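The values are calculated or read from the model by the stated rules, or taken from the named source; none is laboratory data. These figures come from a predicted structure and were not determined experimentally. Every residue, glycine among them, receives a Cβ derived from its backbone with ideal geometry; neighbour counts consider all protein chains shown. Side chains are part of the model used for accessible areas, which takes the heavy atoms of the whole protein and leaves out ligands, DNA and RNA. Shrake-Rupley method; radii C 1.70, N 1.55, O 1.52, S 1.80 Å.
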Amino acid sequence: MKKRIEIIKKKWLKNTFLTILLIAIIFAIYFGINYAVKKLNLKDIDLTTDKIYSISESTETKLKDLDKDVQIELINMSNYVYLLDFTNKYTQLNSHITMERIDDLTQRPDIMNTYNLESTDNLIIVKSGERETYISLSDLYTYDYTTGEQIDITEESITNAIIEVTIENKPKIYFLEGHNYYNDNYFQLVKQNITAEANEVENLNILTKGSIPEDCNCLVITTLKEDITEIEKDELIAYSNRGGKILLLADSNVLGISTPNFDEILNLYGFNISNGILMEQDQDKMFYNLPEFIIAKVESSELTQNLKMNINVCFIDAGKIEFKDEETLQNLGVEYSTIAKTSSKAFIRTNLNISTLSKTNQDTDAGDSIIGALVTRSLEDGNSAEMIVYSNAIFATNQQVNINNNYAMYANMLCNNDDVVINSISYLTKRTDTITIRKDSDSVSYTVTQREHSIIVGIIFLVPALVIVCGIIVWQIRRRKK
C-alpha cells in the first residue's frame, strides 16, 4: 500500500512537472514569437473587406520610389495605439521612413520651445532634411455635414505631410475667376484636396493680374456666366501658344449665353460643347431613376496609369463634346483621345421643360457621346499645349445633390469624381506618380445604378415572397397526403 502511494506520488510529481514544463514552453514560444515579430517589424494581416487597417494602394504608389530620409515624430501619442500602429506601417513601406516616439516632453525642451508646446500636448512632426511640417490630432479627422459622420483621414494626412516635405517644387495651380457661373465656395473641397496633394492653389483674375503668371503649371477654367474680354482671350491664346496646360470644366450652355471670345479658345482645340443635356438610358450607366446622373468609366490610360484602376465618374446634366472633322483637326494640329463617354443608349435634350425621364420625339439620339477628352495641340516650336476637358463642372463641386429618396450628398464625392479631377491635374503637371485611386472615406451612401436597384429590390421582396409561396405549397401537399 505504501509502495503504491509512493508510485502515485511520483507519477503525480512527474505529470505536474511535465505540465509546468509544457506551460513554460508555451509561454516561451508566445513571447519569442512576439519578440521576433516586433524585431522583424512584420506587416499586420488585414482581413477587413475595405482594408481599413492597411496602407492603401494610393499611398504605396506615391511613396514606393521615395529616396529621401523622412522622420515621423509622435509626441505624447502613447494613448493612441491605432495611430502608433498605423504610423509604423510607413516604416514597413519604405526603409527611408523612420518613426520616433517622444512620450516625455520634459526631456525635450528643444521641441517644447520650437513648437510652443506644454508637456502634455500632442503633435505629429514630419521632417526631411531642413524641411518639416506638423499634424495635430484634429487634422486626422474631418466631418461630413451631409451624413453627420466623423471621417478618419489619418492616412491622407500623414501621406500628404511626407510628400509636402520631400517634393522639390510644388506645381502652381490657378483657378480662373472673373466670369464664373459658380462662386469660389463651390470648389472649396476640391481645392483642399488638390492642395493636400502638395500643390499650390490660387485664384487668378487676368484683368487685375495683367497676365497669366509664368509659374502657372495648370490653369483651371470653370463654367462661365458671361463671355471673357478681348484682353483675357489674347492672354489665354498666348498661354496656349507657349505650351500651357488647361483643365476645362464646362457645363452645357443651356442658357444660350453668347461667348464669341471664349469660343475662339475652344476653336484652337477643335471642339465645342452642346447646348443640350445628355440623358442616359442604360441601367448600368445611371443612378436609380436619375438618367441625368451619368456614370461613365474612365477609359484614358493617362488618368489611370494601369489597367487595375477601375475609375468611374458621375456627371450631372453633362453636355456633349463635339469635335470638328478630321481635316479641320489636322489643319489645327489637334489630336484627342476619349477619357469618358455615354452608353450607346443615351440621348440629348434641349427642351428642359419636358419632365419625363424617357426619350421623346423632341429629343435626339446621342449614343457614345464624348463627355471627357484629352486634347493635344501641336505648336510651331515643336512643343504642344494640352487641355483636359469635361462637359460638366457640377461633378467637381461641393454642391449638394439629392440621391434616392432625397438623400443629399456632395457632387464631388460621387463615384471617383475627386480622383478624376486630381488625376487630371497630376497628368497635366507631369506628376504621374501621384495618379491613383485614393482611399475611400468612412461615409456610406446608397448610390446604386438602376439595374443594381432592381436586383436589390428583387432580393428584398421577391425572394422572401417565393419562400413563403413554396412553404404554402409544401404545406398543402403534406396536408393532402394525410
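Of the solvent-accessible surface of region 48-188, computed with a 1.4 Å probe and all protein chains present, 42% belongs to carbon and sulfur. Phi angles across region 236-253 convert, under the Karplus curve 6.51 cos²θ - 1.76 cosθ + 1.60 with θ = phi - 60°, into 3J(HN,Hα) values of 5, 5, 5, 5, 5, 5, 9, x, x, 10, 10, 10, 9, 10, 10, 6, 4, 7 Hz, Gly and Pro given as x. With the highest mean first, a sort of the peptides 76-85, 276-285 on other beta-carbon atoms found within 10 angstrom per residue produces 276-285, 76-85. Given a 1.4 Å probe and the protein chains as shown, LEU176 ends up with an accessible area of around 20 Å².
In the assembled protein chains, LYS225 presents an accessible area of approximately 110 Å² (probe radius 1.4 Å).
Note: relative contact order over region 197-349, using C-alpha pairs below 8 Å and six or more positions apart, is 23 percent. The length gained by stretching the chain between ILE237 and THR208 to full extension, at 0.36 nm per residue less their Cα-Cα distance, is 8.7 nm.
By its C-alpha gyration tensor, with a ≥ b ≥ c as the square roots of the eigenvalues, how is region 132-207 shaped: rounded for a/c under 1.5, else prolate for a/b larger than b/c, else oblate? Oblate. With the cut-off at 1.5 for a/c, could you classify region 158-305 from its C-alpha gyration tensor as rounded, prolate or oblate? Judged from the Cα gyration tensor, region 158-305 comes out oblate (a/c at least 1.5, b/c at or above a/b).
Residue-wise HN-Hα couplings along region 286-300, as the Karplus relation 6.51 cos²θ - 1.76 cosθ + 1.60 with θ = phi - 60° gives them from phi, are 8, 6, 4, 6, 9, x, 7, 8, 8, 9, 10, 7, 6, 8, 6 Hz; Gly and Pro carry x. Heavy-atom accessible area for TYR182, with the other protein chains in place and a 1.4 Å probe, reaches approximately 20 Å². Scanning residues 5 or more positions from GLU292 or on other chains, those with amide H under 5 Å from its amide H are GLU280, with H placed 1.01 Å from N in the peptide plane. Taking GluC sites (Glu not before Pro) across region 212-261, the ones in a DSSP loop with at most 12 further Cβ atoms lying within 10 angstrom of their Cβ are GLU214.
For the set CYS415, CYS314, solvent exposure ranked by accessible area (probe 1.4 Å, protein chains only) runs largest to smallest as CYS415, CYS314.
Taking each residue as 0.36 nm, the span from GLU168 to LEU332 lengthens on full extension beyond its C-alpha to C-alpha distance by 55.5 nm.
Rounded, prolate or oblate, given the Cα gyration tensor of region 221-369, with a/c below 1.5 counting as rounded? Verdict is oblate for region 221-369.
Computed extension length for THR19-ARG131: 34.5 nm, one decimal, from 0.36 nm per residue of separation with the Cα-Cα distance subtracted.
Here's how it looks for ASN203: its modeled amide H is under 5 Å from those of PHE175, which are all 5 or more places away or on a different chain. Residues ASP263, ASP65, sorted by accessible area with the largest first, give ASP65, ASP263 [1.4 Å probe; ligands and nucleic acids excluded]. Note on GLN188 and LEU352: their simple-model spin labels are 2.5 nm apart, each label 7 Å out from Cα toward Cβ. Considering the zone a paramagnetic label at GLU60 would reach in this model (a point 7 Å from Cα along the Cα-to-Cβ line), which residues of region 79-116 have amide N under 15 Å from it? Output list for this probe position: 89-95. Model label sites at ALA408 and ASN113, defined 7 Å from Cα along the beta-carbon direction, differ in position by 5.1 nm.
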